[in-house]
Structure formats: C-alpha cells, structure tokens
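Read the structure below first, then the notes.
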Amino acid sequence: MNPTRNQKLLVSVLLFLLTACVTVNIYFPAAEVRKAAEDIVKDVRQQSQKDDNSSLSPSSWLFSVSEAHAASELTVSNATIRQLKERMKKRFPVLAPYMARGLVGEGLNGLLTIRSLAGLGLKEKARLKKLVDAENSDRMALYKAVAQALNIPSSQLARVQSIFAQQWQDTAPKGTFIEKEPGKWVRK
C-alpha cells in the first residue's frame, strides 16, 4: 500500500509535534542558595562558629579546621557580595535594637518592614526609615548578586529571597516581628 501525500504530511506533523513537546526543567540550586544564605546571614549578624567550637579538643579542632576549609571553597562570594555584606554588617548593630523592640520586622520576602514608629522622635523616625531603606536596597542587590553567581535566572529571584528570608528570620534578635504568612506577624 502506497501512502498518500496527505498521510505522509499527517505523519510528519505528528512526529514534529511529538518531538516539539519537550518540557524544559530549570534546575534551581536550592541547597547552594541555602548554604550561601546561611553563611552570609551568619557573617552579617556576626554569629561566629568559633563560639560553637571553643570547647573542642585539639584533635576535633583540627577536624573543624579542615571542614571549614572545605566549606569555604563552596562559599558563594565575589566583590559585590563582599561589599554588600560589609555594609550590612556595619548597619546591623544599629538596626538590632529597633528589631528587638518590635519596631522593625523580618518579612517573608527577605526584606525588613517598619511595623511601628511609636515612641520615636522625628529625627529617629527619619533615621530608621533611612536605615531600613538602605538595608532593603542592599538585600535586593545581594539576592541578585547571589542569583547571578549561581547562574539562577532572574525569574527565580523570589525563590532566592524566600530562602534568605528564612535565614534572616531564624537569626533575628529576640523581640523581632516575623512574618509567618502573608500579613500574619508573630513576635520572636
């Protein structure tokens, strides 16, 4: 039996459609982002591991040093990220008391939110707004820099922010408001 021209065309179209229906999965390196967020947030919040390692024996200290060396090679960093971290590191001691008083909260989007300005004078209100704006600007730049360093498309930036948000919330000073769900805040 000799296939007709229409049958050949139909088979060609079906083959084309079958091969064209390919799903492209974009790999999102969640573990790498989580590790970067943990390292960066600990550094910004100046929570050092040396406090955790102070009671270790000399042999376990050697093991910790080699673990730290191996981990440092996996750290996401570049000049932009280091500059942002340094600015945020300097700013944190000034922000921390406002966070502890519940005036500034850690949002789900990885940004700070001014929750209240009660009890602040005009100059202090302006100072706090300026601090929060500067912090949020640096955080957004940080998320973009980390995404770029890990070759994450900008369409996935919200996922990077979400992972960082969890780290910021986990390390926030006691008394800080934490956004657990959109619009639902709890005090730490």
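Take Val41 and decide whether it is outside any helix (DSSP H, G or I) and either modelled with pLDDT of 55 or more or under 29 Å from Val160 (Cα atoms) (or both). If you could, list the steps in order and put the result at the bottom.
Working: outside any helix (DSSP H, G or I): no; either modelled with pLDDT of 55 or more or under 29 Å from Val160 (Cα atoms) (or both): yes.
Spelling it out, it is not the case that Val41 is outside any helix (DSSP H, G or I) and either modelled with pLDDT of 55 or more or under 29 Å from Val160 (Cα atoms) (or both).
Please list, ordered by first then second residue, the pairs with beta carbon atoms under 9 Å, 6 or more apart or interchain, first in region 123-143 and of a type in the set (Val, Ile, Thr), second surrounded by 15 or more Cβ atoms within 10 Å (Cβ to Cβ) and outside any helix (DSSP H, G or I).
Within 9 Å, the pairs are Val132/Val104; Val132/Leu111; Val132/Leu112; Val132/Thr113; Val132/Ile114.
Looking at region 144-174 only, could you name the residues that are of a type in the set (A, V, I, L, M, F, W, C) and either under 12 Å from the mean Cα position of the chain (by Cα) or surrounded by 21 or more Cβ atoms within 10 Å (Cβ to Cβ) (or both)?
Ala145, Val146, Ala147, Ile152, Leu157, Ala158, Val160, Ile163, Phe164, Ala165, Trp168, Ala172
Only one of these is modelled with pLDDT under 95 and either surrounded by 13 or more Cβ atoms within 10 Å (Cβ to Cβ) or out of contact with any Phe, Trp or Tyr (no Cβ under 9 Å at 6 or more places or on another chain) (or both): Ser137, Ser77. Name it.
Numbers: Ser137 fails: modelled with pLDDT under 95.
Only one candidate passes the filter, namely Ser77.
If we scan region 121-130, do we find a residue that is outside any helix (DSSP H, G or I), among the small types (Gly, Ala, Ser) and exposed (fewer than 14 other Cβ atoms within 10 Å of the Cβ)? Walk me through how you get there before you give the answer.
First pass over region 121-130, keeping only residues outside any helix (DSSP H, G or I): 121.
Applying the additional criterion that residues be among the small types (Gly, Ala, Ser) yields 121.
Those left that are additionally exposed (fewer than 14 other Cβ atoms within 10 Å of the Cβ): 121.
Yes, region 121-130 contains a residue that is outside any helix (DSSP H, G or I), among the small types (Gly, Ala, Ser) and exposed (fewer than 14 other Cβ atoms within 10 Å of the Cβ).
Applying the selection to region 172-184, what residues are over 21 Å from Ala37 (Cβ atoms) and touching a Gly at 6+ places or on another chain (Cβ under 6 Å)?
Gly175
The values are calculated or read from the model by the stated rules, or taken from the named source; none is laboratory data. None of the values given here were measured: they were computed from a predicted structure. Cβ: placed from backbone, ideal geometry, glycine included. Neighbour counts: every protein chain shown.
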